[in-house]
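First the structure, in the form of structure tokens, and then the observations on it.
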Amino acid sequence: MADAVEVVEVGPRDGLQNEKDTIPAARKVALVDALSEVEFRRIEAASFVSPRWVPQMADGAEVMAAIRRAPGTRYMTLTPNLRGLEAARAARADWAAVFTSATDGFARANLNCTIAESLDRFAPIMEAAREAGFPVRGYVSVVTDCPYEGAVAPAAVARVAAQLLALGCAEVALGETLGRGTPERVDAMLQAVLEEVPPERLAGHFHDTSGQALLNVEVALSRGLRVFDASVAGLGGCPYAPGAAGNLATEDLADRLAALGHATGLDREALSRAAALARTLRKDARVPHHPA
Ligand code: HMG
Ligand code: MG
């Protein structure tokens, strides 16, 4: 049997944040509750970001207050500033997540500041999180391609990943935001990042716009990564990444990992039920490539 792999479910956040029509909080709660039955170790359940920027995520506190928490699952939320972290603590989130970018162009579009300014903003968040005993994930977006700056140099990704680790992030998630990275370019990016950050502190977050996310997971597996994000029913996109389609579908990832002999600890039938529910939330959610 190959090593165990953790699948982090990000659908309730990365999946739903891009939806134009308001999804009632109760339906988001139903999705998180269905996902809690799948026995993920972590679910990214909400964002505490500006409602001016991402109106769909404005009800994070309401969602977090109503979900049924599974004992083995930790609930993560996005926290772009100190105010977000305080909201996450009040909502009894288990993990916070800060997010920046490998390019200034994407950082400006997503956070209204440069990479350096975003890292300065994270310092007090990290301090408050440390005091509260709160682990923090740090995302780097656009690790191969940026909608504003084009191809991204692996060294730029490695630099930001190292800075997030130095700030105290427990884990650095590498966001292939546009889903255009080929396995060869993902491999070159990982090679550079791994000179700065050990594989056990990294997570792969691959969008599947051009159908290469599973190949990119396999490249990352061969480089030693053992944590991957996915979104139930392939929900997703990013409001500041025009053209980015869904994340890798959790069902596809679970099936591929099983075929490769990696245990994930997921309840596959509960995952199919959650995917059916997710498809009712979004008209164009994909049917997985490898239906069970
Ligand atoms: P700003 O406009 O520069 O900051 O935004 P601001 O301080 O002037 O705030 C603007 C308004 O938001 C103010 O309200 C604040 O009070 C309010 P107003 O006075 O105008 O009524 N505000 C907040 N409200 C609630 N909670 C908060 C909060 N902060 C400010 N925490 C800011 C800067 C960072 C706030 C903004 O740019 C922002 O919220 N950005 C988040 C964008 C986002 O969520 N993007 C999607 C997630 S990232 C992603 O999808 C990529 C990822 O999946 C990985 C990958 O695929 O690459 C993670
Ligand atoms: Mg994403």
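A few points about this structure:
- For the chain, hydrophobic long helices are taken as DSSP H runs at least 24 Å long by C-alpha position along their axis with mean Kyte-Doolittle hydropathy of 1.0 or more; none is present.
- Computed E for residue 74/residue 127 - FRET, C-beta separation, R0 22 angstrom, nearest 0.05: 0.55
- A simple charge model with +1 on the Cβ of Lys and Arg, -1 on the Cβ of Asp and Glu and nothing else charged puts the dipole of the range 160-279 at about 180 debye relative to its Cα centre.
- Computed over the chain, the range of Cα coordinates on each principal axis works out to 41, 40, 34 Å, biggest value leading.
- Charge-dipole axis of the range 64-180 as Lys and Arg at +1 and Asp and Glu at -1 on Cβ define it, positive-most pick from 77, 140, 125: 77
- Positive-pole candidate from 35, 188, 64, dipole of the chain, charges at beta carbon: 64
- Estimated purely from DSSP H runs of n ≥ 4, each contributing -39500 (n - 2.57), the mean residue ellipticity at 222 nm for the chain is -12000 deg cm²/dmol once divided by its residues.
- A 1.4 Å probe run over the protein chains yields, for the range 6-279, 37 Å² of accessible area per residue, whole-number rounding.
- Dividing the radius of gyration of the alpha carbons in the range 38-158 by their Kirkwood radius gives 0.99 for Rg/Rh.
- Computed about its Cα centre, the charge dipole of the chain is approximately 620 debye, with only Lys, Arg, Asp and Glu carrying charge at their Cβ.
- The portion of the accessible surface of the chain made up by carbon and sulfur, rounded to a whole percent, is 51 (1.4 Å probe; DNA, RNA and ligands excluded).
- Mean Cβ count within 10 Å, highest first, over the residues of peptides 76-85, 120-129, 135-144, 174-183: 135-144, 174-183, 76-85, 120-129
The values are calculated or read from the model by the stated rules, or taken from the named source; none is laboratory data. Predicted model, so just to flag it, every value in this text is computed and none were measured. Positions of Cβ are backbone-derived with ideal geometry, glycine not excepted, and every protein chain shown enters the neighbour counts. The accessibility values were calculated without ligands, DNA or RNA, using every heavy atom of the protein model including side chains. Shrake-Rupley method; radii C 1.70, N 1.55, O 1.52, S 1.80 Å.
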